[in-house]
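Visitor: Please see the structure below; I have some questions.
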Amino acid sequence: MTQPDLFGESFARDGVAILRGFARADDVALVAAIDAIAAVAPFRHMSVPGGGRMSVAMTNAGTGWVADTRGYRYSPVDPLSGRDWPDLPPVFVDLAERAARVAGFEFLPDGCLINRYEPGAKMGLHQDINEGDYSAPIVSVSLGLPATFQFGGLKRSDPVEKIGLHHGDVVVWGGPARKAFHGVLTLKAGHHAIGGHRYNLTFRKVL
Ligand code: MD3
Ligand code: FE
């Protein structure tokens with residue numbers, strides 16, 4: 001059975017702006033910046049309060065998101081090294097600012113969670129509610145293999161809509177979308193010029 005082609009589909013929800021391919025021109029610089037961050041703060045599979053480990057590997061720049069058996073929180077320090085996370089590189093901040101401006105937000109991120117999905121990795125339905133300022137949007141950047149993203153409502157039981165996210169796509173999630181449940185379906189194996197995986201950068205205003 002052939003899968004529906006989700007590329008370029010329309011998706012209209014209050015507070016969501018999808019900028020298809022917005023980051024493509026910067027992809028080489030973005031991947032180089034990810035590699036430089038990961039050389040200092042390696043990707044790792046964080047533990048979660050339930051006792052499991054996340055299938056998505058993560059690292060951070062700026063103020064970092066961390067999970068362990070005690071819970072979820074933001075921290076200036078990488079628990080693996082005991083040192084501050086690497087600074088946000090200018091190519092990250094510039095891209096996030098420009099994308100947010102197109103979507104009508106004035107936005108200066110102080111943290112970026114970097115997710116790496118290998119085939120088989122997924123992210124269950126959740127809300128992003130550990131940040132200090134919900135008036136700020138979250139800007140997400142997809143690189144590499146495509147993924148199917150699920151976007152729901154303010155209740156876990158609300159129906160979800162599927163949307164394909166491809167290399168270079170940038171999404172700005174603000175206003176009424178900011179606290180919506182969302183997740184990512186299991187990544188399928190494939191080939192991409194940047195490698196056989198998917199990166200997602202989520203820019204946040206944490207403090
Ligand atoms: C909608 N990441 O890191 S990006 C996350 O593809 C996360 O790695 C996914 O969900 C990924 O928390 C999805 C899109 C996204 C990110 C944050 C949101 C959508 C959002 C916060 C609020 C509403
Ligand atoms: Fe999220």
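Visitor: Can you tell which of Ile114, Ile129, Ile138 is more than 11 Å from ligand 2 (Cβ to nearest atom) and either under 18 Å from Tyr74 (Cβ atoms) or open to solvent by 10 Å² or more (accessible area, probe 1.4 Å) (or both)? Spell out how you get there, then give the answer.
Guide: Values: Ile129 fails: more than 11 Å from ligand 2 (Cβ to nearest atom); Ile138 fails: more than 11 Å from ligand 2 (Cβ to nearest atom).
Going through Ile114, Ile129, Ile138 in turn, the sole match is Ile114.
Visitor: Restrict the check to the stretch 64-80 and report whether at least one residue is open to solvent by 30 Å² or more (accessible area, probe 1.4 Å) and free of Cβ contacts under 8 Å to residues at least 12 places away in the same chain.
Guide: no
Visitor: Search the stretch 177-188 for residues that are more than 15 Å from Asn130 (Cβ to Cβ) and of a type in the set (S, T, N, Q) and pair each with any residue that is more than 6 Å from ligand 1 (Cβ to nearest atom) and at pLDDT 95 or above when their beta-carbon atoms are under 6 Å apart and the residues are at least 6 apart or on different chains.
Guide: Partner pairs satisfying both residue conditions: Thr186/Lys122.
Visitor: Could you run through the stretch 7-38 and say how many residues are open to solvent by less than 50 Å² (accessible area, probe 1.4 Å) and aromatic (Phe, Trp, Tyr)?
Guide: Counting residues in the stretch 7-38 that are open to solvent by less than 50 Å² (accessible area, probe 1.4 Å) and aromatic (Phe, Trp, Tyr) gives 1.
Visitor: Next question, about the same structure. Among Gly168, Gly164, which is the only one that is closer than 21 Å to Ala99 by Cα, open to solvent by less than 10 Å² (accessible area, probe 1.4 Å), in contact with a Ser or Thr (Cβ under 8 Å, 6 or more places away or on another chain) and assigned to a loop (DSSP other than H, G, I, E, B)? Explain how you work it out, then say what you get.
Guide: Numbers: Gly164 fails: assigned to a loop (DSSP other than H, G, I, E, B).
Answer to the selection: Gly168.
Visitor: Then there's this: Here is a list: Leu207, Leu143, Leu187, Leu95. Which entry is touching an Asp or Glu at 6+ places or on another chain (Cβ under 9 Å) and surrounded by fewer than 17 Cβ atoms within 10 Å (Cβ to Cβ)?
Guide: On the way: Leu143 fails: surrounded by fewer than 17 Cβ atoms within 10 Å (Cβ to Cβ); Leu187 fails: surrounded by fewer than 17 Cβ atoms within 10 Å (Cβ to Cβ); Leu95 fails: surrounded by fewer than 17 Cβ atoms within 10 Å (Cβ to Cβ).
Exactly one of Leu207, Leu143, Leu187, Leu95 is touching an Asp or Glu at 6+ places or on another chain (Cβ under 9 Å) and surrounded by fewer than 17 Cβ atoms within 10 Å (Cβ to Cβ), namely Leu207.
The values are calculated or read from the model by the stated rules, or taken from the named source; none is laboratory data. For clarity, every value in this text was computed on a predicted model and none was experimentally measured. Using ideal geometry, Cβ is built from the backbone for each residue, glycine included, and neighbour counts are taken over all protein chains shown. The area values use the complete protein model at the heavy-atom level, side chains included, leaving out ligands, DNA and RNA. Shrake-Rupley method; radii C 1.70, N 1.55, O 1.52, S 1.80 Å.
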